[in-house]
Amino acid sequence: MRTASSPLNVLRGALIVVGLASLSESGALAAPPAHAPVPRPPAIDVSGASTIEYQDATQEWVFRGPQVVIVRGTLRIEAPEIRYLAAARQIEVLGRGTISTPTLEVGADRIVAMLPARHVTASGSVQGRFLDEGAAQGDAGGPSAPGVPGGASSGGAAAPEGRWATFSADTVEADDRPDAGQIVATGQVAVLRGTQQLRADQIVYDRMSRQGTADGHAVLAQGADRLLADHIVADLDRGEAEAREHVVLVGEDMRGAADHAMLSQRAQMVVLDGHVVLYRGRARLEAERATIRFAEHTTIAEGHPAKITSGVQPPPEPAP
């Protein structure tokens, strides 16, 4: 290994870091002078790097190449440039790259992975997918969804079958531990699971309970049906949701508004509470509470006063 006056030791050539200790024996690089510090190979497997820089004072490695791949256990990271901070056991993707485990895959412009905590922070056009913790244990069916580019499971192992959800956002923080499978996504967030899509300014998704909490311009959509509100808590596995504040319900032949709503897709029912205004065709219903049963094509209005007006033009449909 050559050294220079710079604190960075630069190695050129296609290298696998786990083999650095044997490079001098192979004769590929000259042995360093006796006074030069010899960097300890990092506790990760690296391939695809054409340039490696090491700073002894900070124990910092920088790997560059057309497609650098780092593997540590079930974790796999791919990017043209990756920094590894050995003391903190932290990996940073400095350009567009991907990080994947058997239950989580993320692609972003910048990624920071804390290895001991299995905590990932991603920013910049974030896209990915995750497997619900219950599904990972084999209690949810359904085929595996397509992954992000380069998002094969860690170490080349096949991803477990189960119910995958895809997501996109400006920034994402995720824990990939069996006891803490939480994802916090911010900025133009969209989560798609099966035929259901949850969108909002921010979504906190608990992979253990399979519940997503959406805040700010929240929308729960399935086909042409949408539930909009300032705040939505949705169980995408059960097909249930609760919406609060500025609630709007949009269906194929119906439009409604209320203070609060409870949705059950399995029961094919929505209950609207508080200052309910419901349009069906050219009829307008006003009530304190309305129960809509989609399969039976019926609406039950409760509260005083309940008022029906015909020949009314419904308001414009909210933007999708």
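List every residue pair whose Cβ atoms lie under 8 Å apart, where the two residues are 6 or more positions apart in sequence or sit on different chains, the first residue falls within region 71-85 and is β-branched (Val, Ile, Thr), and the second residue, located anywhere, is in a loop (DSSP other than H, G, I, E, B).
Note: pairs meeting the criteria are Val71/Ile44; Thr74/Pro102; Thr74/Ser153; Thr74/Ala157; Ile82/Leu94.
Would you check which residues across region 220-254 are touching a residue at least 24 places away in the same chain (Cβ under 8 Å), closer than 25 Å to Ala169 by Cβ and open to solvent by 60 Å² or more (accessible area, probe 1.4 Å) and list them?
Gln222, Gly223, Ala224, Asp225, Arg238, Glu240
Select from region 229-263 the residues that are among the charged types (D, E, K, R), part of a strand (DSSP E or B) and touching an Asp or Glu at 6+ places or on another chain (Cβ under 8 Å) and list them in ascending order.
Of region 229-263, the ones among the charged types (D, E, K, R) are 230, 235, 237-238, 240, 242, 244-245, 252-253, 255, 259.
If we keep only those that are part of a strand (DSSP E or B) as well, we get 230, 235, 240, 242, 244-245, 255, 259.
Asp230, Arg244, Glu245, Arg255, Asp259 - these are the residues of region 229-263 that are among the charged types (D, E, K, R), part of a strand (DSSP E or B) and touching an Asp or Glu at 6+ places or on another chain (Cβ under 8 Å).
Which residues, taken from region 295-319, are surrounded by 10 or more Cβ atoms within 10 Å (Cβ to Cβ) and modelled with pLDDT under 85?
Listed by number, the residues that qualify are Gly303, Ala306, Lys307, Ile308, Thr309, Val312, Pro314, Pro315, Glu317, Pro318.
Residue check, Asp179 against (1) of a type outside the set (S, T, N, Q); (2) surrounded by fewer than 17 Cβ atoms within 10 Å (Cβ to Cβ); (3) touching an Asp or Glu at 6+ places or on another chain (Cβ under 8 Å), all met but one. Which one?
(3)
Given (1) at pLDDT 60 or above; (2) assigned to a strand (DSSP E or B), identify the lone condition not met by Leu11.
Exception for Leu11: condition (1).
Go through region 197-219 and report how many residues are out of contact with any His (no Cβ under 9 Å at 6 or more places or on another chain) and open to solvent by 20 Å² or more (accessible area, probe 1.4 Å). Before you say what the answer is, go through the steps one by one.
From region 197-219, those out of contact with any His (no Cβ under 9 Å at 6 or more places or on another chain) are 197-198, 202-212, 217, 219; that's our starting set.
Of the ones still in play, those that are also open to solvent by 20 Å² or more (accessible area, probe 1.4 Å) are 197, 202, 204, 206, 208-211, 217.
Summing the residues that are out of contact with any His (no Cβ under 9 Å at 6 or more places or on another chain) and open to solvent by 20 Å² or more (accessible area, probe 1.4 Å) in region 197-219 gives 9.
What residue, of Ser50, Ser26, is farther than 21 Å from Thr101 by Cβ and modelled with pLDDT under 95?
On the way: Ser50 fails: modelled with pLDDT under 95.
Answer to the selection: Ser26.
Tally up the residues in region 274-289 that are open to solvent by 40 Å² or more (accessible area, probe 1.4 Å) and closer than 16 Å to Asp230 by Cβ, please.
Looking only at that region, the number is 1.
Within region 255-271, take every residue that is within 19 Å of Arg238 (Cα to Cα) and touching a Leu at 6+ places or on another chain (Cβ under 7 Å) and give me the one that is most open to solvent (accessible area, probe 1.4 Å).
The residue in question is Leu263.
What is the number of the single condition among (1) open to solvent by less than 60 Å² (accessible area, probe 1.4 Å); (2) outside any loop (DSSP other than H, G, I, E, B) that Ala88 does not meet?
Of the numbered conditions (1) open to solvent by less than 60 Å² (accessible area, probe 1.4 Å); (2) outside any loop (DSSP other than H, G, I, E, B), the odd one out for Ala88 is (2).
Return the only residue of Ala152, Ala159 being open to solvent by less than 40 Å² (accessible area, probe 1.4 Å), at pLDDT below 90 and not in a strand (DSSP E or B).
Just one listed residue meets the conditions, Ala159.
Is it true that Gly251 is more than 17 Å from Ala122 (Cβ to Cβ) and not hydroxyl-bearing (Ser, Thr, Tyr)? First the steps, then the outcome.
On the way: more than 17 Å from Ala122 (Cβ to Cβ): yes; not hydroxyl-bearing (Ser, Thr, Tyr): yes.
Taking the combined requirement at face value, the residue satisfies it.
The values are calculated or read from the model by the stated rules, or taken from the named source; none is laboratory data. Values in this document were obtained by computation on a predicted structure and should not be read as measured data. FYI the Cβ positions are ideal-geometry reconstructions off the backbone, even for glycines, and counts take in every protein chain you see. Ligands, DNA and RNA are stripped out before the accessible areas are found, and what is left, the full protein with its side chains, is counted by its heavy atoms. Shrake-Rupley method; radii C 1.70, N 1.55, O 1.52, S 1.80 Å.
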